[in-house]
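S.K.: First the structure, which I've put down as structure tokens, then a few questions once you've had a look.
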Amino acid sequence: MEKITIYEVGPRDGLQGIKSVIPLEDKVTMVNLLYNAGLKNIEVGSFVHPKKVPNMANSDALYRKVSHLDCNLGVLVPNEKGLQRAISVGAKKFNVCLSPSETFNKNNFGISLEQLFSQYRSMLYGIPKEDIRVYVSNAFGCPVEGKFDPEHLKRTLQSSAILGSTVVLSDTSGLANKESISQLSPLIKNMGTTWAIHLHHNEKSEPILDNVQHAYDLGIRQFDSSIGGLGGCPFAKDSGANLATEDLVTWAIDNNIPIDPINNLSQVSLFVNKFKSNYTS
């Protein structure tokens with residue numbers, strides 16, 4: 001069995017939709033616990049406008065406090081201003097987001113997909129491709145626009161693969177299933193990039209670990225997850241929750257799939273449970 005890589009998104013995607021403002025100290029504790037548990041790929045924040053996502057307002061301060069950790073610390077940068085803020089605090093791994101859905105792009109970024117690609121090509125110029133991760137939101141369908149034309153989706157994925165070395169197939173609204181995951185197989189062949197998957201689920205979704213298995217069978221070896229299943233996209237209808245890191249680790253162990261050593265994940269879970277009760281009730 002081939003090894004998988006876990007990309008922990010709890011500090012960013014997990015927290016961005018919580019309405020209560022979370023103290024910086026709690027975020028620092030969360031990232032340190034994740035790191036100490038053995039997670040070496042962590043998305044720690046988003047350099048978005050503070051008014052749009054209040055809980056990401058202190059991403060600058062958070063990055064400074066955890067930048068000494070010996071791991072890959074990723075940050076989401078939606079535009080040039082966000083990128084420059086991230087660079088100013090020493091960030092070196094950058095994530096960007098786009099969608100084949102023009103509705104999603106215009107609602108979230110105020111511009112079209114073509115304009116978004118142009119913006120990213122310009123602002124990311126000179127940054128090593130291996131340091132860029134591209135989220136393709138609504139990769140499995142859009143609740144407004146439905147399923148995408150395969151050629152349009154393929155062009156979106158090809159352009160994304162030019163921007164970054166890792167392209168993340170994001171199930172923004174929990175629409176993924178065996179059929180939609182399998183249909184991506186001919187679209188992502190021979191593009192020379194690393195493919196990852198970011199799964200959400202709600203009460204209407206396919207069981208999320210079934211989708212993990214479908215993705216693994218397709219050949220995907222990098223999985224986004226969030227401790228305690230925190231999060232989901234606050235800008236997408238019926239986004240639901242993220243794939244829980246605990247469930248992903250258990251699935252890997254039960255199926256004899258190699259992962260990096262994970263220790264004391266229960267300690268992080270306990271902290272997050274307290275976290276949930278303090279800030280989401």
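S.K.: Per residue of the stretch 192-204, what does 6.51 cos²θ - 1.76 cosθ + 1.60 with θ = phi - 60° give for ³J(HN,Hα)? Whole Hz please, x for Gly and Pro, Karplus curve as stated.
M.R.: Whole-Hz 3J(HN,Hα) from phi for the stretch 192-204: x, 9, 8, 9, 10, 9, 10, 9, 10, 8, 9, 5, 9.
S.K.: Please list 3J(HN,Hα) in residue order for the stretch 81-97, calculated via the Karplus relation 6.51 cos²θ - 1.76 cosθ + 1.60 where θ = phi - 60°; whole Hz, with x for glycine and proline.
M.R.: After applying 6.51 cos²θ - 1.76 cosθ + 1.60, I find 4, x, 4, 5, 4, 5, 4, 5, 9, x, 5, 10, 10, 10, 10, 10, 9 Hz.
S.K.: Provide the descending list of Cα extents for the stretch 157-202 along its principal axes, expressed in whole angstroms.
M.R.: Computed over the stretch 157-202, the largest-to-smallest principal extents equal 32, 18, 14 Å.
S.K.: Still on this model: Highest GNM mean-square fluctuation, the chain, Cα pairs closer than 10 Å: which of S173, S59, S118?
M.R.: S118
S.K.: Follow-up question, since we're still on this one. Give, as ranges by residue number, the residues of the stretch 94-116 whose backbone N falls under 19 Å from the point 7 Å along Cα→Cβ of R155.
M.R.: Answer for this model: 98-106, 111-116.
S.K.: Test of understanding: what is the full-extension gain from D210 to Q267, defined as 0.36 nm times their sequence separation minus their Cα-Cα distance?
M.R.: Computed gain between D210 and Q267 is 17.9 nm.
S.K.: Given N residues in the chain, what is Rg(Cα) / (2.2 N^0.38 Å)?
M.R.: Against the compact-globule rule of thumb, the ratio is 0.93.
S.K.: Ranked from highest to lowest mean number of other Cβ atoms within 10 Å per residue, what is the order of the peptides 195-204, 91-100, 17-26, 254-263?
M.R.: Ranked by mean Cβ neighbours within 10 Å, highest first: 91-100, 195-204, 17-26, 254-263.
S.K.: Between N190 and K129, what length comes free when the chain is fully extended (0.36 nm per residue of separation minus the Cα-Cα distance, one decimal in nm)?
M.R.: Full extension from N190 to K129 adds 20.2 nm.
S.K.: Let's see if you can work this out: charge +1 on each Lys and Arg Cβ, -1 on each Asp and Glu Cβ, no other charges. What is the dipole magnitude of the chain about its Cα centre, in debye to the nearest 20?
M.R.: Rounded to the nearest 20 debye, it is 860 debye.
S.K.: Further question: Contour minus end-to-end for S182 and K81, with contour as 0.36 nm per residue of separation and end-to-end as the Cα-Cα distance?
M.R.: My answer for the length gained is 32.6 nm.
S.K.: Hey, another quick one. According to a simple spin-label model (label point 7 Å from Cα along Cα-to-Cβ), what is the distance in nm between Q115 and M1?
M.R.: Result: 4.7 nm between the two label points.
S.K.: With unit charges on the beta carbon (Lys/Arg positive, Asp/Glu negative), name the residue among S173, L157, G231 whose Cα is farthest towards the positive pole of the charge dipole of the stretch 154-249.
M.R.: Comparing the listed Cα positions along the dipole, L157 ranks first.
S.K.: Additional query: For the chain, what is the calculated [θ] at 222 nm in deg cm²/dmol (nearest 500), taking -39500 (n - 2.57) for each run of four or more DSSP H residues and dividing by its residue count?
M.R.: Theoretical 222 nm ellipticity from helices: -11500 deg cm²/dmol.
S.K.: May I pose another question? Run the quick spin-label model on R221 and V21: label points 7 Å from Cα toward the beta carbon, then report their separation in nm to one decimal.
M.R.: Going from the R221 label point to the V21 one covers 4.5 nm.
S.K.: With each pseudo-label sitting 7 Å past Cα toward Cβ, what's the S165-L69 distance in nm, one decimal?
M.R.: Here the modelled spin labels are 2.1 nm apart.
Values quoted throughout were computed directly from the atomic coordinates according to the rules given, and no laboratory measurement underlies them. Remember, it's a predicted structure, so these values are computed and weren't measured experimentally. With ideal geometry, Cβ positions are generated from the backbone for all residues, glycine too; neighbour counts draw on all protein chains shown.
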